[in-house]
2 protein chains.
Amino acid sequence: MLEQNLTEQSPLERSTVRATLAVSTVIFTLRPDDESGLKTLWLPLVRRTRDPHLGLWALPGGWLPADEELAAAAARTLRETTDLSPRYLEQLYTFGDIDRSPGLRVVSVVYWALVRSEVAERASVGENVRWFAADQLPPLAFDHNSVVEYALWRLRTKVEYARIAHAFLGDTFTLAQLREVHEAVLQKALDPANFRRSIESSGSLISTDQHVAGARHRPARLYRYDDRAAEHDPPGPTM
Amino acid sequence: MLEQNLTEQSPLERSTVRATLAVSTVIFTLRPDDESGLKTLWLPLVRRTRDPHLGLWALPGGWLPADEELAAAAARTLRETTDLSPRYLEQLYTFGDIDRSPGLRVVSVVYWALVRSEVAERASVGENVRWFAADQLPPLAFDHNSVVEYALWRLRTKVEYARIAHAFLGDTFTLAQLREVHEAVLQKALDPANFRRSIESSGSLISTDQHVAGARHRPARLYRYDDRAAEHDPPGPTM
DNA sequence: CATCATATAGTCAAAACGACTCATATAGTC
DNA sequence: GACTATATGAGTCGTTTTGACTATATGATG
């Protein structure tokens, strides 16, 4: 940045043609599939109301204001399209291929976010905002299909070693609910006993003394995510 | 990117104050420590010849030309400061805090790179380019100290599960040389037998029928990195 | 109170891993 | 030419982790 061997003028003087910065967000939630009833990953898209790619669906996002932090811009676009606050927000990747946007050189810093399922149910939907099943997307604007694909890969790999699945749930939840999240993300069934063992050994949950009654079986204990455990998470820039 | 709900004019019209895009690169190589003789991580820095932070050392980089790919810009700054080609180059993170550069809003897409040790030995050094031991850096310009710290964390975690260590070496190398790389990066001794076992089971190397002679002991077999194995590496945007 | 369905606990073998032993092959030394 | 130092490369052993499986607990239902 501000490397001196190349730039003898200020960047604004040097070139009239500059890359433009945008921020986009891949927002995941879990909701029951219409057919199977099983929970699957969904994400909101916005319809483009201008060229390029007018009419196509695209990731929510916008130009980066010079006075707004990157993560704040991602959270804002998330709020504006879904009326939700992210339970988890992390930078995914920066996409900057020259030809990814016709005409203008656009470099997009993409974030990915997780929001709670129940809240997302009543999330705003309109003519220009719609939720799609993450693995059944139509052709999207720009390179957004591959962006989503990469975000999906990141979510699926990270859920296996990081404590992020609880971001889809409320403050307290049963192990069965947490397992349901893992199963939905990984798209495979998990053994309840083994799942319990691995979660317990990770020390990421605190067991409350509350139970959920009403079901036609032994009541399940409610757990809470252990915030103190987050201190042991990998370092580096998050959010 | 090009989100429509927010932006009713083109971004250029909308705001005269825009963020400026830069690309920087953390370039790692291995070289023997002056005292211990053990190989440690080193990286090249450039001295700032203008404000802000005039005189301080900084990561090599520069403004992003609108007609150059992000990774190409990273590789170019790498070539311009070290005269080397990267054996490994990957996007690290995009740093964009509002106050990270005084005055101007600069968003830096940072790459990290590995270059071969032997070649880096004769790499260009000058008044304004110098190599530093990665864990003994002076106070750097901007947020570059934390950038390097994050790059170091990324290198150390990734070398344990990805096949990147060979990027420090030549086309063929002994297992002892590869182990020396791992030991230098992880800063701990590794059991030769166990290291051999894990590498062999990973299937990332092809054994040649060549051996290195001259040493006062049993000659070690030379191995070659298996390019076909790279197909099984994680997907997503690389380089 | 028998039954059902899931929560929770426990078992067992295979695989992965760390620490360790030992035979092998060269170059240098006597 | 025998001996020695040294690192390669193969193998052993016990511990930990992991996946598949079995068994028990408990409230709701009829």
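Where in region A:115-189 are there GluC sites (Glu not before Pro) that are in a DSSP coil and have at most 15 other Cβ atoms within 10 angstrom of their Cβ?
A:Glu127, A:Glu160
Given H placed on each backbone N at 1.01 Å, which residues far from A:Leu222 in sequence or on other chains put an amide H within less than 5 Å of it?
Residues meeting the amide H criterion: A:Thr208, A:Gln210, A:His211, A:Val212.
When chain B is treated as a GNM, springs tying every alpha-carbon pair under 10 Å, which of B:Leu114, B:Leu78, B:Leu186 comes out with the largest mean-square fluctuation?
Ranking B:Leu114, B:Leu78, B:Leu186 by mean-square fluctuation puts B:Leu186 first.
Could you check the simple spin-label distance between B:Asp51 and B:Leu137, using points 7 Å along Cα→Cβ, in nm with one decimal?
Distance between label points: 2.5 nm.
Within straight cross-link reach of A:Lys39, meaning Cα distance under 24 Å, which lysines are found once same-chain residues fewer than 8 apart are removed?
A:Lys158, A:Lys188
Residue by residue through region A:67-72, what is 3J(HN,Hα) from phi via Karplus (6.51 cos²θ - 1.76 cosθ + 1.60, θ = phi - 60°)? Round to whole Hz and write x for glycine and proline.
In residue order, the calculated couplings are 10, 10, 5, 4, 5, 5 Hz.
Check the axis relating chain A to chain B and name the residue of A whose C-beta is nearest, distance in whole Å.
Of all Cβ atoms in chain A, the one nearest the axis gives A:Thr94, 2.
Using θ = phi - 60° and the Karplus relation 6.51 cos²θ - 1.76 cosθ + 1.60, list the HN-Hα couplings for region B:19-30 in order, rounded to whole Hz, with x at every Gly or Pro.
Residue by residue, region B:19-30 yields 6, 10, 9, 10, 10, 10, 9, 9, 10, 9, 9, 10 Hz.
If you find the alpha carbon centre of region B:149-167 and of region B:33-69, how far apart are they in angstrom?
19 Å
Modelling each spin label as a point 7 Å along the Cα-to-Cβ direction, I'd like the B:Ser202/B:Asp83 distance in nm, to one decimal.
3.2 nm
Using the alpha-carbon atoms, what tilt in degrees (0 to 90, nearest 10) does helix B:192-202 show relative to the longest principal axis of chain B?
60 degrees
Which residues' amide hydrogens lie under 5 Å from the amide hydrogen of B:Phe132, considering only partners 5 or more residues apart or on another chain, with H built in the peptide plane?
Long-range HN contacts for B:Phe132: B:Leu43, B:Leu45.
Once the label point is set 7 Å along the Cα-to-beta-carbon vector, what list of distances in nm do you get between A:Pro52 and its counterparts in the other copies?
Spelled out, the distances from A:Pro52's label point are 3.4 nm.
Taking chain B as a Gaussian network, where each spring joins two C-alpha atoms under 10 Å apart, which residue of B:Arg130, B:Arg228, B:Arg163 fluctuates the most?
Between B:Arg130, B:Arg228, B:Arg163, it is B:Arg228 that shows the largest mean-square fluctuation.
Could you give the size of the charge dipole of chain A about its Cα centre, using +1 on the Cβ of each K and R and -1 on the Cβ of each D and E, expressed in debye and rounded to the nearest 20?
Computed about the Cα centre, the dipole is about 600 debye.
Please get the size of the charge dipole for the protein assembly as shown, origin at its Cα centre, with Cβ charges of +1 on Lys and Arg and -1 on Asp and Glu, quoted in debye to the nearest 20.
Charge dipole of the protein assembly as shown: 860 debye, to the nearest 20.
Treating the point 7 Å from Cα along Cα-beta-carbon as the label, what are the nm separations from A:Leu104 to the other copies, to one decimal?
Result for A:Leu104, in nm, nearest copy first: 2.1.
Could you list which residues have their amide H under 5 Å from that of B:Thr20, counting only those 5 or more apart in sequence or on another chain, with H placed in the peptide plane?
Here B:Arg105, B:Val106, B:Val107 satisfy the definition.
Where does chain B land at 222 nm, in deg cm²/dmol rounded to the nearest 500, when only DSSP H runs of n ≥ 4 count, each adding -39500 (n - 2.57), divided by all residues?
-8000 deg cm²/dmol
Just want the answer: with Cβ charges of +1 for Lys and Arg and -1 for Asp and Glu, which residue in A:Leu45, A:Phe173, A:Asn128 is farthest toward the dipole's positive end in chain A?
Checked the options; the winner is A:Phe173.
In vacuum, with every alpha carbon of region B:77-179 counted as one equal point scatterer, what does the Debye formula give for log10 I(q)/I(0) at q = 0.13, 0.15, 0.16 Å⁻¹? Two decimals, please.
For region B:77-179 at q = 0.13, 0.15, 0.16 Å⁻¹, log10 I(q)/I(0) is -0.57, -0.76, -0.86.
Since every read-out is calculated from the coordinates, none of them should be taken as a lab result. This is a predicted model, so every value here is computed, not measured. With ideal geometry, Cβ positions are generated from the backbone for all residues, glycine too; neighbour counts draw on all protein chains shown.
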